[in-house]
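Asks: Dumping the structure here so I can ask a few things about it.
The values are calculated or read from the model by the stated rules, or taken from the named source; none is laboratory data. In this text the structure is predicted, and so the values were computed from the model without any measurement. Quick reminder, even Gly has a Cβ in these numbers, built from the backbone with ideal geometry, and neighbours come from all protein chains shown.
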């Protein structure tokens, strides 16, 4: 979810997720957000929280057009969700080290 535009309702989406009727919800909510990076860039591009099949992304510096605003992180996000080899190994390694 892009966080650049004021009408992107991140808080509302987070509240909606917190009310889901799902047996994994408490485990999901107990997870910390993990920072996301692109390539060798040391700047945090966003965060993710995942448990089983639920993945929530906070993409920094982007609005509704995440692929336009943050193309590298958008590709990594889709690749991670689809388990595609298109995601850079650097991004995955940094993500694993923080979990």
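Asks: Yes or no: the range 24-33 includes at least one residue that is more than 11 Å from the chain's Cα centre (by Cα), in a loop (DSSP other than H, G, I, E, B) and at pLDDT below 95.
Replies: Within the range 24-33 (the criterion being more than 11 Å from the chain's Cα centre (by Cα), in a loop (DSSP other than H, G, I, E, B) and at pLDDT below 95), the answer is no, since none of the residues qualifies.
Asks: While we're looking at this one, here's another question. Suppose the filter is modelled with pLDDT of 90 or more and surrounded by 14 or more Cβ atoms within 10 Å (Cβ to Cβ); does residue 62 pass it?
Replies: No: the conditions fail for residue 62.
Asks: Can you tell me which residue is farthest from residue 26 (Cα to Cα) among those in the range 37-71 that are part of a loop (DSSP other than H, G, I, E, B) and touching a strand residue (DSSP E or B) at 6+ places or on another chain (Cβ under 7 Å)?
Replies: 70
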